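> My questions all concern the structure below.
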Amino acid sequence: RLEGARMDLIKKLWTARKLILVVMIPLSLLPLPLIHPCSESSCAYVLIVTAVYWVSEAVPLGAAALVPAFLYPLFGVLKSSEVASEYFKDTTLLLMGVICLAASIEKWNLHKRIALRMVMIAGAKPGMLVLGFMCCTVFLSMWLSNTSTTAMVMPIAEAVLQQLICTGIADSLDDSVTVDTQEEESEKEENHKPINNELELMNCKDNEKHEVCMLREESNGLALKPAFVTAFSKRSNGYLPEAPISIPAPPKKPKIRRDSLYPTKRDHMICKCLSLSITYAATIGGLITITGTSTNLIFAEQFNNRYPEAKVINFGTWFIFSLPIALIMLVLTWIWLHFLFLGCNFKETCSLSKKRKTRREILSEKRIHEEYQKLGPISYPEVVTGVFFILMTVLWFTREPGFVPGWTSLFEKKGYRTDATVSVLLGFLLFLIPSRKPWPSAFSSESTGDDEDEEDDPLAPMITWKDFQRLMPWEIVILVGGGYALAAGCKVSGLSMWIGRQLEPMSGLPPWAVTLLACLLVSAVTEFASNPATLTVFLPILSALSETLQINPLHTLIPATMCVSFGVMLPVGNPPNAIVFSYGHVQISDMVKAGFGVNLIGVFVVMLAILTWGEPLFHLSEFPAWAVMRNVTGNL
């Protein structure tokens, strides 16, 4: 009985562990501001409590981000009005405009058309299929959130994988045996060349004996099937008469996995490779643009708030720096996944030759073409969305390109227009522009929206507030605002300077070593904590460290911002990992094994970038004047 009562108590405590953590953490840390009643200790108390809530996820991330809103005024660190102003910044408007465009892309299936077209170009060879899905996922993730991109692309990939599984049993004898394409078949029919013998001898690797197989024509394509007692000879008129022959001992069939959902181990490996490639590609694509992921926005806003005189981070400079990183990571990640799951035979899995294909490759391409045909011809809303997509990108690039005057130089007052201005303007226009052509010929029923009222309304806009509300991540907005509030409190209270002074013993390390340590630490922590929360905690610390060591803050902040996205080893690392894991093709051991390699690749490429082309782009070899001014102001 005592043992049972003890077990029941343990179970109840485990069930209420989050509530216990929420109550005990603030109480256990309360002596810190009471014993040392100063602004630094009070700010440290708020920072530690919020960080523990974020890392443990004892309360929702958005709710934990509200802790500074009431603790800072209570402890006298910031006024309530000052804290409130930190929760809505310029980057919030930037995110809202991007979400408007993302809502239009999703509503009118432009993302699906782009993904299917890129996969059709890549082909159905396993290696090229994985590369094609990775390329389209990277492209979409540049403009949409990583989670939305993964949720969009995975159903398309799952349809292709199910086609592979369904055709796996019929094709399980030998995946490498090829059949003629339809073009070769038409040539044979035109020439009326008789084929006298279709009997083949195949060398089976398992028993090193020969099997007698026949080539039989089916309605859905050509397949190889064993025939132990018969063979066929094909006449010129297309009929297939039987001619029995005797064979002393029937050979053994290749083993088919009856205890698994996958016909062969190779099928399972293809499913693993393709599934994991999508979540990794979404992470890589999010690095390219400043709006690609929430961590990039957190870095941009905190950096601009801390160093207002530094006019170096904008859409163009970030894109120029991060695009080569993404391209190198894309290629290396594809090679790593191919080596891990598909082996080293790149010639077999990545052949671009279209003359000879396996049966499953023909059926996979057929399935992809069918999905693309269901979309129909490109519609008017897709064209409008595409134009807005290109226009937003061009206006971002040309606002302040740096090497030539941007379009903001046309205005008399400088510094009033940011990337958020462009984003919100175009997002606002999407609520006004009709989703049907302005001329009468298109008033039939071109709309593909889900709302019946919109189909009846000829002036229905491209997106509605419901479309925007469905995609707008308000939790991320509050989370980012909580990070800004924490950073503001650390600045006003002097906590960031105190942390910097404690890190002075690291002044003997070279800048690249400090950056490498920061990257490894951040990428390790983010495996168990959310990416935005991890970056929000580390940015003020790394900024203070850089100022103390007289290192350009960008030398540590940019690599840390990128490495915080490399939480790819566990399903809890980020939402795209959880989405891919939910499809059931991969296990945790697969994610750990593949994600560890991707993590190392990411840290290596980011360090390579910051030490090569990043140095002249951001002038990283010198301690900039805007950082000196911030350091002097903080000391005063």
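> Going through the cross-link list 265/366; 89/414; 366/437; 107/414; 272/366, which pairs have a Cα-Cα distance over 26 Å in this structure?
Those over the limit are 366/437; 107/414.
> Show me 4-11, 301-308, 30-37 ranked by packing, highest mean number of other Cβ atoms within 10 Å first.
Ranked by mean Cβ neighbours within 10 Å, highest first: 301-308, 30-37, 4-11.
> Assigning unit charges at the beta carbon (Lys, Arg +1; Asp, Glu -1) and nothing else, what dipole magnitude in debye, to the nearest 20, does the range 7-161 show about its Cα centre?
Its charge dipole is roughly 540 debye.
> On to the next question. Using packing as a proxy for protection, rank 543-550, 584-591 so that the peptide with the highest average count of other Cβ atoms within 10 Å comes first.
543-550, 584-591
> Could you work out how far apart the two model spin labels at residue 407 and residue 394 are, taking each label as a point 7 Å from the Cα in the direction of the beta carbon, and quote it in nm?
Label-label distance for residue 407 and residue 394, simple model: 0.8 nm.
> Kindly provide the pair-distance distribution of the range 473-542 built from C-alpha pairs, with 10 Å bins from 0 and whole-percent values in order of increasing distance.
Final binned percentages: 18, 41, 35, 6, 0.
> Would you kindly compute the Cα radius of gyration of the range 1-132 and its largest Cα-Cα separation (Dmax), both in Å?
24.5, 68
> Heavy atoms only, 1.4 Å probe, whole protein assembly: order 512, 336 by accessible area, highest first.
Reading off the accessible areas and sorting them downward yields 512, 336.
> Follow-up. Quickly work out the residue 265-to-residue 474 label distance, labels modelled 7 Å from Cα along the C-beta direction, and quote it in nm with one decimal.
Distance between the two pseudo-spin positions: 5.1 nm.
> Could you give the length gained by full extension between residue 311 and residue 27, i.e. 0.36 nm per residue of separation minus their alpha carbon distance, to one decimal place?
Fully extending the segment from residue 311 to residue 27 adds 98.0 nm.
> Right, something else. How much accessible surface area, in Å² rounded to 10, belongs to the heavy atoms of residue 389 with a 1.4 Å probe?
40 Å²
> Pulled fully out, how much extra length does the chain show between residue 5 and residue 36, if you take 0.36 nm times their separation in residues and subtract their Cα-Cα distance?
6.9 nm
> Taking Cα pairs under 8 Å and at least six residues apart, what relative contact order does the range 5-129 come out at, in percent?
Computed value for the range 5-129: 15 percent relative contact order.
> Right, another one. I need the phi-derived Karplus couplings for the range 289-305: 6.51 cos²θ - 1.76 cosθ + 1.60, θ = phi - 60°, integer Hz, Gly and Pro marked x.
Rounded to whole hertz, the list is 10, 5, 9, x, 8, 5, 5, 4, 5, 4, 4, 4, 6, 5, 5, 5, 6.
> Per-residue counts of other Cβ atoms within 10 Å, averaged by peptide: what ranking do you get for 281-289, 378-386, highest first?
Ranking the peptides 281-289, 378-386 by packing returns 281-289, 378-386.
> Work out how much length residue 417 to residue 366 would gain on full extension: take 0.36 nm times their residue separation and subtract the Cα-Cα distance, in nm to one decimal.
That pair, residue 417 and residue 366, stretches by 13.5 nm at full extension.
> Using the basic label-point model (7 angstrom from Cα toward the beta carbon), what is the residue 14 to residue 429 distance in nanometres?
A separation of 5.8 nm, rounded to one decimal place.
> Follow-up question, since we're still on this one. What list of ³J(HN,Hα) values in whole Hz, one per residue of the range 59-73 in order, does the Karplus curve 6.51 cos²θ - 1.76 cosθ + 1.60 (θ = phi - 60°) give from phi, with Gly and Pro shown as x?
Result, ordered by residue: 10, x, 4, x, 5, 5, 5, 8, 4, x, 5, 10, 7, 4, x Hz.
> From zero up to wherever the largest Cα-Cα distance of the range 544-636 sits, split into 5 Å bins and tell me the percent of pairs in each.
3, 12, 18, 15, 12, 11, 10, 8, 6, 3, 1, 0
> Right, here's the next one. Just want to confirm a number: the relative contact order over the range 512-636, from Cα pairs under 8 angstrom separated by 6+ residues, in percent.
30 percent
> Order 479, 29 by their accessible area, 1.4 angstrom probe, all chains in place, largest first.
From most exposed to least exposed: 29, 479.
> Further, regarding this structure: Evaluate the Debye formula for the range 469-618 with equal point scatterers sitting on the alpha carbons, no solvent, and hand back log10 of I(q)/I(0) at q = 0.14, 0.18 Å⁻¹, in q order, two decimals.
Relative scattering, expressed as log10 I(q)/I(0), comes to -0.77, -1.11.
> I've got another one for you. With all protein chains present and a 1.4 Å probe, how do 365, 615 order by accessible area, largest first?
615, 365
> So, R0 is 45 Å and r is the distance between the beta-carbons of residue 592 and residue 383; what FRET efficiency does that work out to, to 0.05?
0.55
The values are calculated or read from the model by the stated rules, or taken from the named source; none is laboratory data. All of these numbers come straight from a predicted model, not from anything done at the bench. Because the Cβ atoms are built from the backbone with ideal geometry, glycine has one as well, and the counts that use them run over all protein chains shown. Keep in mind that these areas ignore ligands, DNA and RNA; they rest on the heavy atoms of the full protein, side chains included. Shrake-Rupley method; radii C 1.70, N 1.55, O 1.52, S 1.80 Å.
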